[in-house]
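Below is one structure; the comments refer to it alone.
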Amino acid sequence: MKLKLPEHRTGMEQSVTYQAIVVNGEVKMAREILLSIGKRRLGPPTKLERDKINSIASPRTLKSLINRVMHVDSWQALEFPKRLRD
């Protein structure tokens, strides 16, 4: 059975609520990716490092950390942003 979506979805896609859901999904996925790659490369993060990651609300900041995690040798060297709620 094929699900048929409405032809006009632009109203929903422009909705503030919809956009918030999309951003929250991006943030959650970026956190999971950062933790997964980081665990493999750097070992498990401390509770403080995990808390720092979980406090970051910006997909852009998380993507930057994902890119940097490939080039550091410790969680401390990752250099989390000073302002965590961005």
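State all residues of the range 58-73 that are out of contact with any helix residue (DSSP H, G or I) (no Cβ under 6 Å at 6 or more places or on another chain) and not in a helix (DSSP H, G or I); if no residue qualifies, say none. Across the range 58-73, the qualifying residues are S58, M70, H71, D73.
So is M29 part of a helix (DSSP H, G or I) and either in contact with a helix residue (DSSP H, G or I) (Cβ under 7 Å, 6 or more places away or on another chain) or at pLDDT below 85 (or both) or not? Taking the combined requirement at face value, the residue does not satisfy it.
If you go through the range 32-57 and keep only what is of a type in the set (A, V, I, L, M, F, W, C) and part of a helix (DSSP H, G or I), you end up with I33, L34, L35, I37, L42, L48, I53. Within the range 75-86, being touching a helix residue (DSSP H, G or I) at 6+ places or on another chain (Cβ under 7 Å) and either surrounded by 11 or more Cβ atoms within 10 Å (Cβ to Cβ) or among the hydrophobic types (A, V, I, L, M, F, W, C) (or both) holds for W75, L78, F80, P81, L84, D86. Of all residues in the range 40-62, those that are under 15 Å from the mean Cα position of the chain (by Cα) and either surrounded by 15 or more Cβ atoms within 10 Å (Cβ to Cβ) or closer than 13 Å to L78 by Cβ (or both) total 9. Within the range 32-51, which residues are among the charged types (D, E, K, R) and either more than 20 Å from K82 (Cβ to Cβ) or in contact with a Leu (Cβ under 6 Å, 6 or more places away or on another chain) (or both)? Correct list: E32, K39, R40, R41.
The values are calculated or read from the model by the stated rules, or taken from the named source; none is laboratory data. Computed from a predicted model, the values in this text were never measured in an experiment. Reconstructed Cβ throughout: ideal geometry from the backbone, glycine too, with neighbour counts over all protein chains shown.
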